[in-house]
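Heads up, the thing below is written out as structure tokens.
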């Protein structure tokens, strides 16, 4: 796999298999970047540790990918919930 240049927009476009492959690459080659990505997406370190300790597999990438995808869905739902109606007047937006 080529060096993944991942930002949040790119991650949102990946399917789960591609995301797992990218995470595996980062675990092996650039763990610091993986930690930075998790920070930017707002996946808590405690949650990752809990999931990895609970999971009975030696493969961290699928567990991390699930946590990332779950957090992105939460953020998407939050944006939808708090999206303002574009037809609302400026006065109503306050």
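Here, each number is a calculation from the coordinates, and none is a lab measurement. None of the values given here were measured: they were computed from a predicted structure. Methodologically, a virtual Cβ is constructed for each residue, glycine included, from the backbone with ideal geometry; neighbour enumeration extends over all protein chains shown.
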The residue that is surrounded by the fewest Cβ atoms within 10 Å (Cβ to Cβ), considering only those in region 28-53 that are in contact with a helix residue (DSSP H, G or I) (Cβ under 8 Å, 6 or more places away or on another chain) and over 15 Å from residue 11 (Cβ atoms), is 45
Among residues of region 9-20 being in contact (Cβ under 8 Å) with a residue 40 or more places away in the chain and surrounded by 14 or more Cβ atoms within 10 Å (Cβ to Cβ), the residue farthest from residue 73 (Cα to Cα) is 20
